[in-house]
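None of the figures in this text is laboratory data; all of them are computed from the coordinates on show. Just so we're clear, the structure is a prediction, and the values are computed from it rather than from any experiment. We place every Cβ from the backbone using ideal geometry, glycine too, and count neighbours over all the protein chains shown.
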Amino acid sequence: MTMAETRPSYRNRRMAKVQNKAMAADVSRRLWQLREARGLARRTVREQKGIADSQLQRIETGEASPRYVDIVALCELYGVPVVAVTDGAYDFEKLLAAVQLERLVKNAIAYEDEEPEEPVYGQEE
């Protein structure tokens, strides 16, 4: 076999590149949705995982393809398996709904635990 016979055709290489870009865009969108669902600011991600705000923004908007190490770090922070972000067959919508529900429950519990302020009678507002 010659080298030309073993090398993928231009069309196949181009299709693989398009598929990789589409997959990267899907991963980027999922990472953004998870950060939003967790209610985390980019600053929080920077402080906890060391990913710069600008880099995270480029990843989430699809301007930069996320590195695998960043995907792993973000999934760890968001509390989801890596496969949830990288596998198109994974039921991501169900996972996202569970993450959003978990956040709502945590916020409700935190709200109930707060001490109500005692009204001060006789003070004018």
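Going through segment 50-95, which GluC sites (Glu not before Pro) have at most 11 other Cβ atoms within 10 Å and a DSSP loop state?
Answer by residue number: 63.
What are the ³J(HN,Hα) couplings of segment 21-37, residue after residue, when phi is run through the Karplus curve with 6.51, -1.76, 1.60 and θ = phi - 60°? Round to Hz, x for glycine and proline.
5, 5, 5, 4, 5, 5, 4, 4, 4, 5, 4, 4, 4, 5, 5, 5, 5
Starting from the Kirkwood Rh over alpha-carbon pairs, what translational D in µm² s⁻¹ does segment 12-113 have by Stokes-Einstein at 25 °C and 0.890 mPa s?
170
Determine the gain in length on full extension of the stretch residue 87-residue 23; use 0.36 nm per residue of separation and subtract their C-alpha separation, reporting nm with one decimal.
Contour length minus Cα-Cα distance gives 22.1 nm.
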